[in-house]
Every structure is written in structure tokens, then in C-alpha cells.
Amino acid sequence: MAQHYFAQISPGLEALLKNELKSFGARKIKLEEGGATFQGTRKHLYRVLNQSRLANLIYWTVSEGTAPNTHALFERVMKISWKDIIAPAEEVLRVSIRVSLSRHPEFKGTGEVESIVFRAIERSLESTRKVSSALWNEERMQSHLRVLVRIQDHRATIRLDTAGCLMHKRGWRQQDGEAPLRPTLAAAMLKLLNWSTDEVLIDPMCGSGTIPIEASLMAAQASPRFWSRYACHDWLSFDEELWQAEASKGISDQQGTKFHNHIYASDVNPEAIALTQSHLTRSQQMVQVSQGDVRHLDAPNQHRCGLILVNPPYGLRVNEGEETKSLLRNFAEHKERWENWRLGMIYPRQLTPPAPQGLVGKELARFQHGGLPVWVWEFSHLKTE
Ligand SMILES: C[S@@+](CC[C@H](N)C(=O)[O-])C[C@H]1O[C@@H](n2cnc3c(N)ncnc32)[C@H](O)[C@@H]1O
């Protein structure tokens, strides 16, 4: 039976998510700020959980409708068939609740809504399972059930987090390195730049390796995630056989390490190189890794075209993005080397896009990263007849 779901992404990137959901066979996709609602069966949910490279979270909408006051909200939450969702178990069910309120004259604040929703779940499950409240935590599976409650204009939407953690936590990451990019954003950048998986790719400031690793997983058509357990595995509706069928689509491609000799990663910092190498091993991918300074970047193996994709140190105060400027200068001034290349870059919106002479710059998207407004630009050489 088709259910209603909501997939979340950084605001500004919703259109990319829509295309991805479409490719998974999701139906009735509607964009909202920061995500998209869609309809699908459990097969579609399992496919999105296993294969989505872009979504941060996938929620299952379990109730939606009017809730003009606290009593109506309690009744609405009580009516959800929690006993048919949550499997009985000895362990106390840890529930975390997150509330968003807007235009809600009848509710005093998020704390009040949280407590109503908690009491309604507790009451509804009282004969089957003890319930305790847990903090909302982005670490993996800290609670058994994460409930998102949205109240707006007398309407309530109650959603359950199907993964149990932010999905950009891929499982291959051991350590973060310096200002790492979220893997979901690295995948979004590759899609924004229309990177085709056989195009030569260089990340000359690779840090912990997020861009080359996401690119190699895309090239290997492998699932981006390496966890075997999600929140929905504990639900009564969990279908192991269907899950295995969807999960194995990724795993079958992940047998043995894949070497992508057209993907290059480098960094000036030897520790970043070591971290990238270890993340590549954990994700069962291999790319061409070397240590080097972006200011002396050259086209590897005399490749004549490809994509350079960078997430430079933002350097707002430290040195005002000196590396970024010098990379752009190198790209602009060595036309004989870079004429048929594209250069993609993410950087803070406080910085004006530097556009050295001879280059054309195009803004591809703007969104938030690490609480900072950023944009993604693509630079290429001005074509002369
Ligand atoms: C914002 S971090 C990149 C983070 C990376 N995308 C990740 O997800 O881990 C910027 C990287 O640029 C590197 N870097 C700084 N100056 C450099 C230079 N002159 N040449 C090459 N790499 C440089 C730093 O060592 C750091 O790893």
C-alpha cells in the first residue's frame, strides 16, 4: 500500500532531490522548502534508504490533519496505531520528539507540544511497552523512535524518522579532518555540475576525501551507505526479504575494491592524504591519491578535459581564501592546459565570486553548509571563435 513520505535536503537543493526520487520510482513528488513529499510503497522507502545520495532524512508521515488545540492533538496522536508500528520488546522504548511550530495561537510552545505527544504515545502503548523520553541526537540510533511534529495553521503533521540518524553519516567516515563536507552535499555538487561518472575528476583539496569517495561510489553504482541497521528495522511492518532485495542492489556492486583511475585526490596536508586513503579503504574504493599544493596544480596524465571540484578552506579571516584565488588564477592563465576543463567550487556567500579575466562564472545553487550560507559556482574558459 502506498504511504506518504518526506525526504529532507538543504534548502536550495530541492530540485535535485526531486530528480533522484523520480529515478527511484517515487510518485506524487511535491517540493517543499527543505525537502519533498512523495508517495510510495515499502519497496520505494527501502530503495531511498539504501540508494539516496542526497537526502539527509526520510520521514514516514503517520498522521496529518487538524489539531486546533492541545486536546485535539492528544487525540490525533493517540489514534495513530502505535501498537501496529512498534514491536513489543523487553527494552524501554526511547522516544525523541522534535517540534516545529508556526501560526499556532493555541499552543504555548514546543515544550508543551512535546509533552502532549509523549503522553499520547505512552498512553497508547501502556500495555505493550514502557516508554522513556530521550534527547534528539544526530548520532546513530540513540533513540528507538524519532518523532517529528509540525504544527501550522491548526494542522498537525506527525512523522517518524525511518533511518534513525542523519543519512549523511555514511559509515565509511572514521574521522572528520578539517571542515569536512557533508557527503550528501558532495553528491549534490557532483550532480549540480552534471558530472558524468566517466569524466576525469580532480579534487585538489580533498581533506578527508568526501568528494572523491562520493564520486567513486557513484561511478561504481554502489550504495553510499554502509550500515546494516536502520530505525525502521525495529518496526512491526519491517519486511526483511524486501529489504535484502533492495540492499543487495548496492552490495552486489560493492564486492571487492573498485579502482577509478580517472578520479584524482590531492591535498597539501599529509594527514589529510592518510585520512583519505583510510576512508577509501573503508568504502572499498580506490582513486589516484597524491600530496600536492593546489597552487601548482597540473592536469594529471595530460588529460585534456574534465572537472576540477573543490571545497577550499573558507579562510574568511585567516587568509581570505588565498588558495581559491590562486587556483582560479592558474585555471584562467593556463588556457593551453585547462581550456576544455570546468572548475566547480563551493564557498561562502560573504565572498564575491572571483572571476579572473577570460573565465565565465555561473552560479549553480545557494544553500547552507555548517550554518554558513554558501553557493556553488562553475567556471569555464570564455570560448573565442
Ligand atoms: C575545507 S577542507 C576540504 C574538506 C573536504 N572536502 C572534506 O570533506 O574533508 C580544505 C582542505 O584544503 C587543504 N588545503 C589548504 N591549502 C592547500 C593548498 N595550498 N594546496 C592543497 N590543499 C590545501 C587543507 O589541507 C584542507 O584539507
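Label points 7 Å out from Cα along the Cβ direction at Ser81 and Val268: separation in nm?
6.1 nm
Determine the gain in length on full extension of the stretch Glu363-Arg103; use 0.36 nm per residue of separation and subtract their C-alpha separation, reporting nm with one decimal.
90.2 nm
Please give the net charge around Arg150, taking every other residue with its beta carbon less than 11 angstrom from that of Arg150, where Lys and Arg add +1 and Asp and Glu add -1.
Computed value for this residue: 0.
Would you mind telling me the share, in percent, of accessible area of the chain contributed by carbon and sulfur at probe 1.4 angstrom?
Values: 8470 of 17710 Å².
For the chain, the apolar C and S fraction of the accessible surface comes to 48 percent.
Would you mind working out the magnitude of the charge dipole of segment 256-385 relative to its Cα centre, with +1 at each Lys and Arg C-beta and -1 at each Asp and Glu C-beta, to the nearest 20 Debye?
Working: 14 positive and 13 negative charges, 66 e Å.
The dipole of segment 256-385 has a size of about 320 debye.
Less than 16 Å apart at the alpha-carbon level, and either on another chain or at least 8 residues along: which aspartates and glutamates does that give for Lys383?
Glu333, Glu336, Glu339
If amide H atoms are built 1.01 Å from N in the plane of the peptide, which residues on other chains or at least 5 residues away come under 5 Å of the amide H of Ala365?
For Ala365, whose amide H was placed from the backbone, the distant partners under 5 Å are Val376.
What FRET efficiency, computed as 1/(1 + (r/R0)^6) with R0 = 56 Å and r the Cβ-Cβ distance, is obtained for Arg295 and Lys30, rounded to the nearest 0.05?
Values: r = 46 Å, r/R0 = 0.82.
According to the calculation, E is roughly 0.75.
Please compute the Kirkwood hydrodynamic radius over segment 46-182, one decimal place, Å, based on all pairs of different Cα atoms. Mind showing how you got there, number by number?
Details: mean 1/r = 0.0619 Å⁻¹.
Radius from the Kirkwood sum: 16.2 Å.
Around Glu20, what is the net charge, scoring Lys/Arg as +1 and Asp/Glu as -1 over all other residues with Cβ under 9 Å from its Cβ?
+4
When the chain is treated as a GNM, springs tying every alpha-carbon pair under 10 Å, which of Ile58, Ile116, Ile308 comes out with the largest mean-square fluctuation?
Answer for the Gaussian network model of the chain: Ile116.
Give Lys43/Lys83; Lys22/Lys79; Lys108/Lys169; Lys108/Lys130; Lys258/Lys362 a once-over and call out the pairs whose C-alpha atoms are over 30 Å from each other.
Details: Lys43/Lys83 22 Å; Lys22/Lys79 32 Å; Lys108/Lys169 34 Å; Lys108/Lys130 27 Å; Lys258/Lys362 33 Å.
Going by Cα-Cα distance, Lys22/Lys79; Lys108/Lys169; Lys258/Lys362 fall outside the 30 Å limit.
The values are calculated or read from the model by the stated rules, or taken from the named source; none is laboratory data. Given the structure is predicted, the values throughout are model-derived calculations rather than measurements. Positions of Cβ are backbone-derived with ideal geometry, glycine not excepted, and every protein chain shown enters the neighbour counts. Ligands, DNA and RNA are excluded from the accessible area calculation, which covers all protein heavy atoms including side chains. Shrake-Rupley method; radii C 1.70, N 1.55, O 1.52, S 1.80 Å.
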